[in-house]
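Please read the structure below before turning to the comments.
The values are calculated or read from the model by the stated rules, or taken from the named source; none is laboratory data. Remember, predicted model here, so these are calculated numbers, not experimental data. Glycine also receives a Cβ, built like all others from the backbone with ideal geometry; neighbour counts cover every protein chain displayed. For accessibility, only protein heavy atoms count, side chains too; no ligands or nucleic acids. Shrake-Rupley method; radii C 1.70, N 1.55, O 1.52, S 1.80 Å.
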Amino acid sequence: MNFLFNNIYYIGSFGLIFIGLFILMTKHNLIKMIIGLNIMDTGINLLFITIGYVRKATAPIFSKPDLNPQNMVDPVVQALILTAIVIGLAVLAMALSLSIRIYQFYGTLDIRKIKEQKW
Amino acid sequence: MYFIGIIITGIGVIFLFLGSLGIWRLPDVYNRLQAGTKCTTLGSFFTIVGVGIMEPEWFWKTLIISIFILLTNPISNHALGRASRKIGVKLYDGSVVDKSKEFDEYRENL
Amino acid sequence: MIFVITFLVFVMLASAIFACISIDLLNAVIASGLVSLITAILFYTLQAPDVAMAEASIGAALVTAIFVITIRRTERKE
Amino acid sequence: MRKIIAIILLFILSFAVLSSISKIPFGISKTKVGKYYINNGIEQTGAVNIVTSVVLNYRGMDTLGEVTVLFIGAIGLMAILSTITRKTEKKLTPSSSILSTGCKFLFPFILLFGSYIFLNGHLSPGGGFQGGAIIASAFLLKYLGCYEKRINEKKFKVAESLGGLVFILIGISGLIAGGYFLFNFLPKGTAGTLLSGGIIPIIYIAIGFKVGAEISGIIDNLMEES
Amino acid sequence: MVKLIFLTVISGGIFLCFLRMLKGPTPSDRAVALDTLSTVTTALLVLLGYIFGRKVYLDVSLVYAVLTFVGSVAIARFLEKGV
């Protein structure tokens, strides 16, 4: 029980990453695979923020005077993930537009039925 | 001031829980929409304003949040109800009145 | 506090699994919206309000809308 | 069969990853560079929000690259969708009057809220990326509610290019004034007020316009061309 | 102490909505559950901000209050074939 409470954020982020990988490995539908990619993206963001967390600390915003600078979480990780989320949206939109194009060309979204994909 | 805030927040939290209970217990989509709109709008209004009363410095910002909830929540629920009416989700068997169907018939006979 | 966080993590994982097993793609999109919603709460409890705001403003509206538009242009069943 | 192989692979992978990640402790401050930014951030940049000063000042080059990636993504989406031949016109259900009135009423408020978010980026959580996403959501709401209204694509492209141009021009003028790219050459002001932080608010306004215009362009392409 | 009781009750609400999201026979039920859940979440975020004691955190719940209905409207317009 104690182990569970200490590592609950790690369990959540790795659970999301592995569920996303499982969807990517076993499903045949393109949109389902992109949903898996989205879930995996969220899990990786959660993992990074978890690594930057400091216990009993607060956010690095000096909005009121009585804040202790020794007692703050890591700002570098948050800055990295902030940009990664927006990039994730652009990549997602581009992948979905590719799947629309594939559907219009082949008439299906099942990757087993697309002939040129077998190599 | 603190105790007034605690009481108002408690009322709001109870309303939120009752709304969620309605989502789980009621029989069809339209009944669930009743619980999901009215109960949770009132509940979140009380909860957020109660937090603002507990901490008087936050009051105006919490009031803005609750006003936005009052504006946006009915719109989305109306859109969901209309959409499920249009795609023909069935009513609960025990329901006694169907005003929307009556209105459609009235408009056809016009 | 820690009990609530544990509970939220398990709800998040369960909805991710539901997104994996559902046949109808619209259900999967709704479940992934729920995953994004709860992840924003977890970012908030990890003291990262900037990231929580980005996840809320992107995951709540834009990702759902983009998926829904794509499903309308293609087909809905898996 | 496929699922069994996938599950076995996942178990092997999870064992490897967990054995490597278990060395990382949870809840302890790990990096020295984060401490340095927290201790010296307000004096060196003038912004109260340290995340903002990391995004725009210490690591401003990364943000420029990130904005470029976003731009390339939008361009690629436009190129892919422009090759689609339009089929017969689909018949769309018009929205109800409650929805369209509500969207018309809420649209200016959401725009105002987005600009509040990216103007106050150096004082409170928020910034150009979040504000841009909120503005794009306002345009998405307009598309969902009142279908006949379209955005003016030419003006959006002008806004997007101006955003990128302002970013690079400020960086180059920092190069001229102080010796390196994105040097904070404007006066820093007193920390905690709106007019503080030197170049940070200006770049965040530029990024807000650029991200908002790009994501609106993505939604417009997805809605219209296919 | 009182705040922790409030958090627990709201978590119970989240759990009930989540069960409806898993069970709901039609997609409309799930969408209604998601919409209710986002409203409950906004209240939860305000309570958490009070527990952490920072005023600047309220901006996040403001984003939630303004933006989560856009996703619900998108799903509704998809269901009535309007997108």
(request) Taking the options B:Thr62, B:Thr47, B:Thr37, name whichever one is among the β-branched types (Val, Ile, Thr), in contact with a Pro (Cβ under 7 Å, 6 or more places away or on another chain) and either over 30 Å from D:Thr93 (Cα atoms) or modelled with pLDDT under 90 (or both). (result) B:Thr37
(message) Here is a list: D:Leu123, D:Leu182, D:Leu144, D:Leu140. Which entry is within 20 Å of the chain's Cα centre (by Cα), closer than 21 Å to C:Ala61 by Cβ and open to solvent by less than 50 Å² (accessible area, probe 1.4 Å)?
(response) D:Leu140
(message) Checking the structure you have, find out if any residue of the stretch A:71-87 is over 26 Å from D:Glu43 (Cβ atoms), in a loop (DSSP other than H, G, I, E, B) and charged (D, E, K, R).
(response) no
(message) When you check D:Phe26 against the structure, is it in contact with a helix residue (DSSP H, G or I) (Cβ under 9 Å, 6 or more places away or on another chain), within 30 Å of A:Asn6 (Cβ to Cβ) and of a type in the set (Phe, Trp, Tyr), yes or no?
(response) yes
(message) Out of everything in the stretch B:25-39 that is without any contact (Cβ under 8 Å) to a residue 40 or more places away in the chain and buried (at least 19 other Cβ atoms within 10 Å of the Cβ), what residue ends up being nearest to the other protein chains (Cβ to nearest Cβ)?
(response) B:Arg32
(message) Every residue in the stretch E:6-30 that is hydrophobic (A, V, I, L, M, F, W, C) and within 11 Å of C:Ala31 (Cβ to Cβ), please.
(response) E:Phe18, E:Met21, E:Leu22
(message) Among the residues of the stretch B:3-21, are any more than 9 Å from chain E (Cβ to nearest Cβ), within 30 Å of E:Gly82 (Cα to Cα) and of a type in the set (A, V, I, L, M, F, W, C)?
(response) no
(message) Please verify whether C:Ala14 is of a type outside the set (D, E, K, R) and farther than 20 Å from E:Gly82 by Cβ, treating the condition exactly as stated.
(response) yes
(message) Of everything in the stretch D:188-204, what is in contact with a Leu (Cβ under 7 Å, 6 or more places away or on another chain) and closer than 19 Å to D:Val158 by Cβ? Give them in sequence order.
(response) D:Ile203
(request) Return yes or no: is E:Leu62 of a type in the set (A, V, I, L, M, F, W, C), within 29 Å of B:Arg82 (Cβ to Cβ), more than 8 Å from chain B (Cβ to nearest Cβ) and assigned to a helix (DSSP H, G or I)? (result) no
(request) Identify the residue in the stretch D:1-42 that is over 22 Å from A:Lys56 (Cβ atoms) and small (Gly, Ala, Ser) and, among all such residues, is modelled with the highest pLDDT. (result) D:Ala16
(request) Look at B:Leu42 and say whether it is more than 10 Å from chain E (Cβ to nearest Cβ), under 18 Å from E:Leu34 (Cα atoms) and part of a helix (DSSP H, G or I). (result) yes
(request) List every residue pair whose Cβ atoms lie under 9 Å apart, where the two residues are 6 or more positions apart in sequence or sit on different chains, the first residue falls within the stretch D:3-28 and is within 22 Å of A:Val77 (Cα to Cα), and the second residue, located anywhere, is outside any helix (DSSP H, G or I) and open to solvent by less than 50 Å² (accessible area, probe 1.4 Å). (result) D:Ser22/A:Asn7; D:Phe26/A:Asn7; D:Phe26/A:Tyr53; D:Gly27/A:Tyr53; D:Gly27/A:Val54; D:Gly27/A:Ala57; D:Ile28/A:Val54
(message) If a residue must be outside any loop (DSSP other than H, G, I, E, B), open to solvent by 20 Å² or more (accessible area, probe 1.4 Å) and of a type in the set (S, T, N, Q), how many such residues does the stretch A:35-63 contain?
(response) 2
(message) Looking only at the stretch D:26-85, filter to residues that are among the aromatic types (Phe, Trp, Tyr) and under 27 Å from D:Ala191 (Cα atoms); which one of those is most open to solvent (accessible area, probe 1.4 Å)?
(response) D:Tyr36
(request) Grab the helices (runs of 4 or more DSSP H) fully contained in the stretch D:119-226, keeping just those with 3 or more residues being within 14 Å of chain C (Cβ to nearest Cβ) and closer than 21 Å to D:Thr68 by Cβ. (result) D:128-145, D:200-224
(request) Considering only the stretch C:23-78, state which residues are hydroxyl-bearing (Ser, Thr, Tyr) and without any contact (Cβ under 8 Å) to a residue 24 or more places away in the chain. (result) C:Tyr44, C:Ser57, C:Thr70, C:Thr74
(message) Yes or no: the stretch B:82-105 includes at least one residue that is open to solvent by less than 80 Å² (accessible area, probe 1.4 Å), closer than 29 Å to E:Tyr57 by Cα, facing chain E (nearest Cβ under 7 Å) and outside any helix (DSSP H, G or I).
(response) no
(request) For C:Ala19, indicate whether it is under 10 Å from the mean Cα position of the chain (by Cα) and within 20 Å of A:Leu98 (Cβ to Cβ). (result) no
(message) Filter the stretch C:41-76 down to the residues that are within 7 Å of chain E (Cβ to nearest Cβ), open to solvent by less than 10 Å² (accessible area, probe 1.4 Å), in contact with a Ser or Thr (Cβ under 7 Å, 6 or more places away or on another chain) and under 14 Å from C:Ile30 (Cα atoms) and list them by number.
(response) C:Ala61
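Rundown of residues vs (1) within 30 Å of E:Thr68 (Cα to Cα); (2) free of Cβ contacts under 8 Å to residues at least 60 places away in the same chain, yes/no style:
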residue: D:Leu140; (1), (2): yes, no
residue: D:Ile172; (1), (2): no, yes
residue: D:Lys188; (1), (2): no, no
residue: D:Leu194; (1), (2): yes, no
residue: D:Ile205; (1), (2): yes, no
residue: D:Gly212; (1), (2): yes, no
(request) Go through the residues of the stretch A:69-78 one by one and say whether even a single one is out of contact with any His (no Cβ under 9 Å at 6 or more places or on another chain) and more than 10 Å from chain D (Cβ to nearest Cβ). (result) no
(request) Would you confirm whether any residue within the stretch A:5-15 is open to solvent by 20 Å² or more (accessible area, probe 1.4 Å), facing chain C (nearest Cβ under 7 Å) and at pLDDT below 85? (result) yes
(message) Among the numbered criteria (1) closer than 22 Å to D:Gly60 by Cα; (2) within 14 Å of chain C (Cβ to nearest Cβ), which one does D:Thr93 miss?
(response) (1)
(message) From the list E:Thr36, E:Thr8, E:Thr68, exactly one residue is touching a residue at least 24 places away in the same chain (Cβ under 8 Å) and either within 7 Å of another protein chain (Cβ to nearest Cβ) or of a type in the set (Val, Ile, Thr) (or both). Which is it?
(response) E:Thr68
(request) Looking only at the stretch D:100-109, decide whether some residue is within 11 Å of chain A (Cβ to nearest Cβ), open to solvent by less than 60 Å² (accessible area, probe 1.4 Å) and either touching a Cys at 6+ places or on another chain (Cβ under 9 Å) or of a type outside the set (A, V, I, L, M) (or both). (result) no
